[in-house]
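*Asks:* Before I ask anything, let me first share the structure, which is written out below as structure tokens.
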Amino acid sequence: PAGARRGDDGALSVAGVDLRDLAAEHGTPAYVLDEADFRARARGFREAFERAFAAVGAGVDVYYAGKAFLSVAVARWAHEEGLRIDTATGGELAVALRAGVPGADIGLHGNNKSDAEIERALAAGVGRIVVDSLGEVDRVADAAARAGVRAPVMVRLTTGVHAGGHEFIATAHEDQKFGLSLAGEGASPAMVALLAILARPELELIGVHSHIGSQILDPSGFEAAARRVLQLRAELAAATGHLLPEVDLGGGFGIAYLPGEVPLEPGRVAKDLAGVVEGACAELGTPLPRISIEPGRAIVGPTTLTLYRVGTVKPVTLEDGGTRTYVSVDGGMSDNLRPALYGARYTAALASRRGGATTVAARVVGKHCESGDIVVHDVALPDDVAPGDLLAVPATGAYGRSMASNYNHVPRPPVIAVRDGAARVIVRRETEDDLLALDLG
Ligand code: LLP
């Protein structure tokens, strides 16, 4: 987090809160979220995109992608900083509404929305429902007819652009479940859905949507996808006279997880994209659309560290004769699934003290009953790392708590917001009683 500092005595603090005190009061593991950092990143994205697109004459909306991490507090902060909220399920929608975000400032995604989710979204008056399949067109239109409203819809497109990290999080190549393809002989699936929407008076077709993947560090994929989406928009206008007012370019902006990694800089991507959108629209002879984006990871990821306590330290002799020190902490794959699921790499630092100058090659592992339960694959830690020490793993704000599980009946850790020297629990720690309450015997 931006507010992390090492004090004179060597201990880490975030936003003026000493992590030793925080651990003593709230226990470990805990996600520690720097509120000012979250707000600054949210505002930074909005301002960078507004500025870049204002320069070419287009308006912008930034939606915070709640899947990365959503709670009532963060939904409220994002909205206070001028962002809207992107939700992917009825559950995320409920959190945004509980935070007091007006329906008009919420979007709903999902490749398999239930009727209940669609009805709830319409009752809340969401600003847009992103349609993901042809069958959904009639389902949303029928629900709108039942509710007596006109539903604002977008169509999620599959642009064929393949970008981002692991295969499981790259979303716009053809052989996957999301969106409607631009490819195909004659009318593409995307065009068929757009025409079907125009034929239903209960639906207001506001735009098209493209999300090409996540943890993207090379902006060229966004640019290629934007060109294809704008091309389709021009084709629809030529065929029907309907010029789509909005285009969403999705999320996926990559962050730094390890020292030396360079994140995508919002100001630079915004400028590049504004240039591409302006150029493509000029070539196609269409006016500029209003642009929206949906960053999740880039806003919340870097704001949070996970604080663990070391339980056991065990040197292991490797086949090549070297040694590796296994440092076990009191959490693991239940609070951060990303290393096990995607081979994601993190780093760690001693948080309770500075530690000796000599280091050992360490692997930080969790407390779960499988060897893939790794928190940090490789990190140099002080060779005097010992039981009782606190370890901080940075950049765990996105897809950490939101993908946490209760594997081995481990209660999920709290999220503790720190700001101006004060800590506030925004999501409390689960208890064994919480878990047992679900078990009806
Ligand atoms: N919009 C849509 C339609 C999305 O599908 C996603 C992410 C986003 C926005 C936000 O993407 P972001 O800016 O956070 O990259 N669990 C995986 C990431 C899955 C992303 C799914 N969709 C991980 O931990 O890496």
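Since every read-out is calculated from the coordinates, none of them should be taken as a lab result. It should be emphasised that the depicted structure is a prediction, and the values quoted were computed from it without experimental measurement. Cβ placement follows ideal geometry from the backbone for every residue including glycine, while neighbour counts extend to all protein chains displayed.
*Asks:* Is the shape of the stretch 323-363 rounded, prolate or oblate, going by the alpha carbon gyration tensor and its root eigenvalues a ≥ b ≥ c, with a/c under 1.5 for rounded and a/b larger than b/c for prolate?
*Replies:* Cα axes put the stretch 323-363 in the prolate bin.
*Asks:* Where the centre of each part is set by its Cα atoms, how far does the stretch 329-360 sit from the stretch 396-410, in angstrom?
*Replies:* So the two Cα centres are separated by 15 Å.
*Asks:* For the stretch 181-188, in order, what is each residue's ³J(HN,Hα) by Karplus, 6.51 cos²θ - 1.76 cosθ + 1.60 with θ = phi - 60°, in whole Hz (x at glycine and Pro)?
*Replies:* Each residue's phi maps through the Karplus curve to give 6, 8, 8, x, 6, x, 6, 6 Hz.
*Asks:* So if R0 is 30 Å, what FRET efficiency would GLU204 and ASN111 give, r being the distance between their Cβ atoms, rounded to the nearest 0.05?
*Replies:* The value I calculate is 0.90.
*Asks:* Something else about it: May I ask you to compute the full-extension gain from TYR326 to MET403, defined as 0.36 nm times their residue separation minus their alpha-carbon distance, rounded to one decimal in nm?
*Replies:* 25.3 nm
*Asks:* Tell me which of VAL262, GLY221, GLY110 sits at the most positive position along the dipole axis of the stretch 57-295, charges placed on C-beta atoms (Lys, Arg +1; Asp, Glu -1).
*Replies:* Working it through, the farthest residue towards the positive pole turns out to be GLY110.
*Asks:* Label CYS369 and VAL192 with points 7 Å out from Cα along Cα→Cβ: what is the distance between them in nm?
*Replies:* Taking the two extended label points, one gets 4.8 nm.
*Asks:* If I fit a long axis through the Cα atoms of helix 35-56 and take the longest principal axis of the Cα atoms of the chain, what angle between them do I get, 0 to 90°, rounded to 10?
*Replies:* 30 degrees
*Asks:* Looking at the P(r) of the stretch 208-302, how many percent of alpha-carbon pairs lie beyond 16 Å?
*Replies:* Counting every Cα pair in the stretch 208-302, those more than 16 Å apart make up 54 percent.
*Asks:* Another question, if that's okay. Hey, in the GNM for the chain with a 10 angstrom Cα cutoff, which one of ALA380, ALA190, ALA234 fluctuates hardest?
*Replies:* Looking only at ALA380, ALA190, ALA234, the largest GNM fluctuation is found for ALA380.
*Asks:* Enter the mean projected area of the convex hull around the alpha-carbon atoms of the stretch 53-187, in nm², rounded to one decimal.
*Replies:* Directional mean of the projected Cα hull area for the stretch 53-187 stands at 10.1 nm².
*Asks:* Rank these for me by crowding, MET191, MET403, going from fewest to most other beta carbons within 10 Å. Walk me through the numbers on the way to the answer.
*Replies:* Values: MET191 20, MET403 16.
By the 10 Å Cβ count, ascending, the order reads MET403, MET191.
*Asks:* Can you give the calculated 222 nm mean residue ellipticity of the chain, where each DSSP H run of n ≥ 4 adds -39,500 (n - 2.57) and the sum is split over every residue, rounded to the nearest 500 deg cm²/dmol?
*Replies:* Theoretical 222 nm ellipticity from helices: -9500 deg cm²/dmol.
*Asks:* A further question follows. Under 22 Å Cα-Cα from LYS177, which lysines qualify once same-chain neighbours fewer than 8 residues away are excluded?
*Replies:* Hits, sequence-local ones excluded: LYS67, LYS113.
*Asks:* Sort GLU235, GLU185 by Cβ crowding within 10 Å, fewest neighbours at the top. Mind showing how you got there, number by number?
*Replies:* Working: GLU235 16, GLU185 5.
Going from least to most buried by this count: GLU185, GLU235.
*Asks:* Could you tally the net charge around LYS271, taking each other residue with its Cβ under 14 Å from the Cβ of LYS271, Lys/Arg +1 and Asp/Glu -1?
*Replies:* Net charge around LYS271: -4.
*Asks:* Separate question: With springs only between Cα atoms under 10 Å, which of VAL360, VAL376, VAL393 fluctuates most in a Gaussian network model of the chain?
*Replies:* Result: VAL360 has the largest fluctuation of those listed.
*Asks:* Another question, then. Considering the alpha-carbon set of the chain alone, what are its Rg and its Dmax in angstrom?
*Replies:* When restricted to Cα atoms, the chain yields Rg and Dmax of 23.3, 72 Å.
*Asks:* Just grab the label-to-label distance for ASP138 and ARG268, each label 7 Å out from Cα along the Cβ direction, in nm (one decimal).
*Replies:* So the two model labels end up 4.9 nm from each other.
*Asks:* Where nothing but the Cβ of Lys and Arg (+1) and of Asp and Glu (-1) is charged, how large is the charge dipole of the stretch 202-323 around its Cα centre, in debye to the nearest 20?
*Replies:* 320 debye
*Asks:* Next question, about the same structure. Could you check which residue among VAL229, VAL14, VAL313 shows the biggest mean-square fluctuation in a GNM of the chain with a 10 Å Cα cutoff?
*Replies:* For the chain, modelled as a Gaussian network with Cα springs under 10 Å, the answer is VAL313.
*Asks:* Still on this structure: Which peptide among 100-109, 18-27 comes first, and what is the full order, when sorted by highest mean count of other Cβ atoms within 10 Å?
*Replies:* Packing proxy ranking, top to bottom: 100-109, 18-27.
*Asks:* Take the Cα pairs of the stretch 307-437, get the Kirkwood Rh, then feed it into Stokes-Einstein at 20 °C and 1.002 mPa s and tell me D in µm²/s.
*Replies:* Translational diffusion coefficient: 137 µm²/s.
*Asks:* Follow-up question, since we're still on this one. Work out, in µm²/s and without decimals, the Stokes-Einstein translational diffusion coefficient of the stretch 57-295 at 37 °C, 0.692 mPa s, Rh from Kirkwood over C-alpha pairs.
*Replies:* 182 µm²/s
*Asks:* Which of LEU440, LEU134 comes first, and how do the rest follow, when ranked by fewest Cβ neighbours within 10 Å?
*Replies:* Final ranking by Cβ density, sparse to dense: LEU440, LEU134.
*Asks:* Could you point to the residue in TYR407, THR358, ILE374 farthest towards the positive end of the stretch 309-427's charge dipole, with +1 and -1 charges on the Cβ of Lys/Arg and Asp/Glu respectively?
*Replies:* TYR407
*Asks:* Further question on the same structure: Taking the Cα centre of the chain as the origin, how large is its charge dipole in debye, to the nearest 20, when only Lys and Arg (+1) and Asp and Glu (-1) carry charge on their Cβ atoms?
*Replies:* Taking the Cα centre of the chain as origin, the dipole is about 540 debye.
*Asks:* So, one more: Sort out for me the Cα centre separation of the stretch 368-392 from the stretch 265-320, rounded to whole Å.
*Replies:* 27 Å
*Asks:* To the nearest 20 debye, what is the magnitude of the charge dipole of the stretch 57-295 about its Cα centre, counting +1 on the Cβ of each Lys and Arg and -1 on the Cβ of each Asp and Glu?
*Replies:* I would put it at about 420 debye.
*Asks:* Then there's this: Taking every pair of alpha-carbon atoms in the stretch 106-164, give the share separated by more than 16 Å as a whole percent. Let's see the in-between values first.
*Replies:* On the way: 666 of 1711 pairs.
Looking at the stretch 106-164, the distances longer than 16 Å represent 39 percent of pairs.
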